[in-house]
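Input: a single structure, listed below in structure tokens.
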Amino acid sequence: VVLSGRLSLTSHRWLADHAVAGTVLLPGTAFVEMALRAGDEAGCDVLDELTLQAPLPLHAAHGVLLQVVLQEPDATGRRAVAVYSRPEEGAPDDDAAWTCHATGALRAEAAPSAPAGELGVWPPAGARAVDVGGLYGALAAAGYEYGPVFQGVGAVWRRGEEVFAEVALGEGERE
């Protein structure tokens, strides 16, 4: 299975709200979504792993072409997946090779679900609230620039090593 597409800051303006040290980067969750979408085409609903190989910078001057490649199943039924990009025609590196941004594996069977009632109470029992009031200011000071579209963390709780969060798009971004 090979899926192809195109991204640009012109057609997907909201992506400009995700920058690190002044460079707009495709969010890691977008690679997860692309891999899962390819898996949907082949009946693979579980992403076992995904390793980010290289960031995908997005430039205002030109878009990028994308390919998501899903291999045939191996002996265990797992299918390797990879996400690639290259500048679209007219970009400075017109003859650029494809860059691999993420690799991973998908499978068909769903993992066992959490025990019934595990999250029947919200926030989860025993979890302690975390102050998120200065979250985006601290991230900006560290070079992570999240515009309004990516500022959806409303509340966070911690229970040992587990972190629980309420995250939502703003009213104007839901469309």
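A few remarks follow.
- Remark: the ALA140-TRP98 segment gains 12.0 nm on full extension, using 0.36 nm per residue and subtracting the alpha carbon distance.
- Sparse-neighbourhood loop sites, GluC sites (Glu not before Pro) in the stretch 1-92 - DSSP loop, at most 12 other Cβ within 10 angstrom: GLU89
- Distance between modelled label sites at ASP40 and GLU89, nm, 7 Å Cα→Cβ extension: 2.9
- Helical content of the chain, expressed as a calculated mean residue ellipticity at 222 nm, amounts to -3500 deg cm²/dmol (DSSP H runs of 4 or more residues, -39,500 (n - 2.57) each, divided by residue number, nearest 500).
- A Stokes-Einstein calculation at 37 °C with viscosity 0.692 mPa s, built on the Kirkwood radius of the stretch 128-173 over Cα pairs, returns a diffusion coefficient of 282 µm²/s.
- Computed over the stretch 2-107: relative contact order in percent, which uses C-alpha pairs under 8 Å that are six or more apart: 31
- Extents of the chain, taken as max minus min of Cα coordinates on every principal axis and listed largest first, are 55, 46, 29 Å.
- Theoretical gain in end-to-end length, GLU49 to SER4 [0.36 nm per residue, Cα-Cα removed]: 14.1 nm
- Cα point-scatterer Debye curve for the stretch 1-100, base-10 log of I(q)/I(0) at q = 0.16, 0.20, 0.22, 0.23 Å⁻¹: -0.71, -1.03, -1.18, -1.25
- Largest GNM mean-square fluctuation among ASP48, ASP74, ASP40, using the chain with Cα springs under 10 Å: ASP74.
Any read-out appearing in this document is the output of simple, stated calculations on the displayed coordinates, not a laboratory observation. Just so it is clear, the structure is predicted and the values come from calculations on it, not from any experiment. With ideal geometry, Cβ positions are generated from the backbone for all residues, glycine too; neighbour counts draw on all protein chains shown.
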